[in-house]
Amino acid sequence: MTLIKSISGIRGTIGGNVGDNLTPIDAVKFASAYGSWVKSQVEKDEYRVVVGRDARISGEMMQQLVMNTLVGLGIHVIDLGLSTTPTVEMAVPMEHADGGIILTASHNPKQWNALKLLNEKGEFLNGEEGAKILEIAESNTIEFADVDNLGEITVNDAYIDLHIDEILDSKWVDVEAVKAANFKVVVDAVNSTGGIAIPRLLEAMGVEVVKLYCEPNGQFPHNPEPLKEHLGDICKLVVEENADFGIVVDPDVDRLAFIDEKGNMFGEEYTLVAVADYILGKEKGNTVSNLSSSRALRDVTEKHGGSYQASAVGEVNVVTLMKETQAIIGGEGNGGIIFPEFHYGRDSLVGAALFLTHLAEKKITVSQLREEYPAYFMSKNKIQLTPELDVDAILVEMEKKYANEEVSTVDGVKIDFPNNWVHLRKSNTEPIIRIYTEAKSQKEADDLADKIMMEIKAIAGI
């Protein structure tokens, strides 16, 4: 059982001992710290925080604990109930709120939950803000409101519809073209809130929807991370239903993956590539993804005359670099689309609508679309090290070894070779080095990973 405290929020497994797991007492402790931080940002008469959740079994319990803790601090709460991470992110500025909390452990299994914390812009906290909240949580200096100054809870379940309306009204989304294409799409929402939001969006765009695991009961029918090895059911159903493609989202609907009409993975890395290709075809601009994402985004960006840059891993890092470079689209290779026209957060609803428009305009199949993009293959590995080994020193040695190549040390060590790359990162919670490689074939990616892992082990003496 686990409790992980980080700058982006608090996540852990439900049950067990206080301080070791995400227990009710831990939820109250960190919600109190967040609420106190919100009140410390600006002095005013009234504070408002938006709270929503995915469909996890523990979600309602966690939400009640968090909301009533905020009430105890004198903060008014806008209760979105069952929602999505991007919907909460959009609701914060629309409500002129001071922050937001999403109760979700994203792609983690059902025993996990988390408090994802947002600022007044509906964006994830930066490192300094997150560190301050962790400090407050351990300080025992939190002051609650007296009985005449308690907050109130207001229920507002309209925000998924408002989110969809914003998308349908966008100049980037051609609803009439999508309707004319008569798409049939299978949706796997892993029995979470994507089962509410994604079919509702698609049906509003004139798409025939076949629902698979769209009941928001929190009983995940497979591992909720949208990877190929977990998606056999939808791959099969797309073919059986003679559908145009399949859409897969994770429990909080910020990661998006597609299945082509033949039942094959479009590739999580290529979700962002395809959507960026569509946007850059309409307006020249820059893009950003993280250092572990596919080189294909760089290729597509340069094809359209734009500039590509890579950030450290983590959504807040991608967003920061997007703002610095005025990128018009960005995201992460895990299927996360960040389109600032809507908000600075990964959004599967926005991604799905843009992909549908792209496909409708090109009038080709999903497999044909995939063939238009550079073919890259990834290998993702890790090496377990003993706690006494100095992981940072090992990474420094690898940096020295490849000093004649293009090397980035923004986040671990990334070595760009002419035809492939390797990214080495240490885990923040355990003695592990993660090794990601990408090349023009799976064998080349696997061989490069094997070579690098042998070199790390030689340096480490293991």
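Here, each number is a calculation from the coordinates, and none is a lab measurement. Note that this is a predicted model, so its numbers are computed, not measured. Here the Cβ positions follow ideal geometry from the backbone for every residue, glycine too, while neighbour counts run over all protein chains shown.
Some observations on this one:
- Under 16 Å from Lys363, Cα to Cα: aspartates and glutamates that are on another chain or at least 8 residues apart: Asp174, Glu176, Asp244, Asp260, Glu261, Asp277, Glu371, Glu372
- Sorted by Cβ neighbour density within 10 Å, fewest at the top, the residues Val238, Val155: Val155, Val238
- Think of the chain as a dipole: +1 on every Lys or Arg Cβ, -1 on every Asp or Glu Cβ, centred on the Cα centre; then among Asn404, Gly12, Ser289, Asn404 lies furthest on the positive end.
- Residues Met90, Met398, Met61 arranged by fewest to most Cβ contacts within 10 Å: Met61, Met398, Met90
- Of all DSSP bridge pairs formed entirely within the chain, close to 60 percent run antiparallel.
- Net charge contributed by nearby residues that have their C-beta within less than 14 Å of Asn21 (K/R +1, D/E -1): +1
- Listed residue pairs exceeding 32 Å between alpha carbons, taken from Lys262/Lys282; Lys121/Lys284; Lys5/Lys211; Lys5/Lys323; Lys282/Lys426: Lys5/Lys211; Lys282/Lys426
- Cross-link partners for Lys443 among the lysines, with Cα-Cα distance under 16 Å and sequence neighbours closer than 8 places in the same chain left out: Lys380, Lys451.
- What the Cβ-Cβ distance of Lys380 and Asp299 gives, at R0 = 22 Å and to the nearest 0.05, is a FRET efficiency of 0.60.
- Karplus-derived 3J(HN,Hα), 6.51/-1.76/1.60, for each residue of region 124-130, Hz, glycine and proline x: 5, 5, 8, x, 5, 5, x
- Here the spin labels are modelled as points 7 Å beyond Cα on the Cα-Cβ line, and at Val28 and Met94 they lie 3.3 nm apart.
- Using a simple spin-label model with pseudo-atoms 7 Å out from Cα toward Cβ, Asp390 and Gln219 lie 5.4 nm apart.
- For region 377-460, a crude dipole built from +1 on the beta carbon of Lys and Arg and -1 on the beta carbon of Asp and Glu, taken about the Cα centre, is about 200 debye to the nearest 20.
- A helix-only calculation puts the chain at -11500 deg cm²/dmol for mean residue ellipticity at 222 nm, using -39500 (n - 2.57) for each DSSP H run of at least four residues, averaged over all residues.
- Rounded to the nearest 20 debye, dipole of the chain from Cβ charges on Lys, Arg, Asp, Glu: 980
- Modelled spin labels at Lys363 and Lys44, positioned 7 Å past Cα toward Cβ, are 5.1 nm from each other.
- Note on Arg255, Arg425: ascending count of other Cβ atoms within 10 Å places them as Arg425, Arg255, the fewest first.
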